[in-house]
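The values are calculated or read from the model by the stated rules, or taken from the named source; none is laboratory data. Since the structure is predicted, the reported quantities are computational estimates derived from the model, not experimental observations. No Cβ is skipped: glycine too gets one built from the backbone with ideal geometry, and neighbour counts run over all protein chains shown. Note: areas computed on protein heavy atoms with side chains; ligands, DNA, RNA excluded. Shrake-Rupley method; radii C 1.70, N 1.55, O 1.52, S 1.80 Å.
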Amino acid sequence: MSNTDGFVQEVTDELRRDQMVAKLKRYGWIGVVAVLAIVGGAAFSEYRDAQQRAQAEGLGDAVLAALDATDATARAAALTGIEPPAPQAGAVLSLLTASEQVLAWDLAGAIANLDAVALNAEIPQMYRQIAQFKALTLQADTLDAATRKQGFEALSGAGGALRLLAQEQLALIAIQEGDTATAIETYQAVLNDAQVTPDLQQRALQVIVALGGEPDLTGAPADDSNG
């Protein structure tokens, strides 16, 4: 390379450096903002996580303190006084409160809490289904069979977490109505379901026999609870 070429290359490199410095001076604030955004976002995320942990710990402490009361009425009152930080936490509190209200013979209060959870679209379906199931079972003596059937049929749909328990309730309603054939048929369907639990399977067997039926075990899953 000649001296002239070397000089031109040196000038070109210097110009590039000057242009880069000028660009950094002009647009460097963008990089600073980006860095601050990343750091700030991480800090906010850590703060939010810490807040959520603190809320969860506070809620847990409050629930444990409420459940320490020796009287069910006092426990229910203490649980009712807890302010939930989120709808899902509120659903859990309502379910716990309803359980204590049942023990305190406050069925009206328990059903009201359960119905509120069942109708709350802001919480996961699982909580709503549990609340609806418990509310229906608590009203076995006060709610007409047709309404209870409608509710349990909705819960017994495909994919429902409580579908087999709902089917069992439908069989019990059939027994109350004197429809033995339907009760046996429903219990047989429960007995042959692949997801039936050992306890429910045993109940289905016992009720079918008690009703004078003969359980068909050809399609029933094996009970390996002792194996």
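Being out of contact with any Cys (no Cβ under 8 Å at 6 or more places or on another chain), at pLDDT 55 or above and among the aliphatic types (A, V, I, L, M) is true for just one of Ala91, Ala50, Ala34, Ala43. Which residue is that?
Result: Ala91 is the single residue among Ala91, Ala50, Ala34, Ala43 that is out of contact with any Cys (no Cβ under 8 Å at 6 or more places or on another chain), at pLDDT 55 or above and among the aliphatic types (A, V, I, L, M).
Would you pick out the residues in segment 175-195 that are among the aliphatic types (A, V, I, L, M) and surrounded by 21 or more Cβ atoms within 10 Å (Cβ to Cβ)?
Those that are among the aliphatic types (A, V, I, L, M) and surrounded by 21 or more Cβ atoms within 10 Å (Cβ to Cβ): Ala183, Ile184, Val190, Leu191.
Inside segment 132-175, can you point out the residues that are modelled with pLDDT under 90 and part of a helix (DSSP H, G or I)?
The answer is none; no residue qualifies.
For the condition under 30 Å from Asp71 (Cβ atoms) and open to solvent by less than 20 Å² (accessible area, probe 1.4 Å), what is the one hit in Ala116, Ala98?
Only one candidate qualifies: Ala98.
Pairs needed: first member in segment 141-163, more than 17 Å from Ala131 (Cβ to Cβ); second member anywhere, in a loop (DSSP other than H, G, I, E, B) and modelled with pLDDT under 95; C-beta distance under 9 Å; at least 6 residues apart or different chains.
Hits for this filter: Ala145/Glu177.
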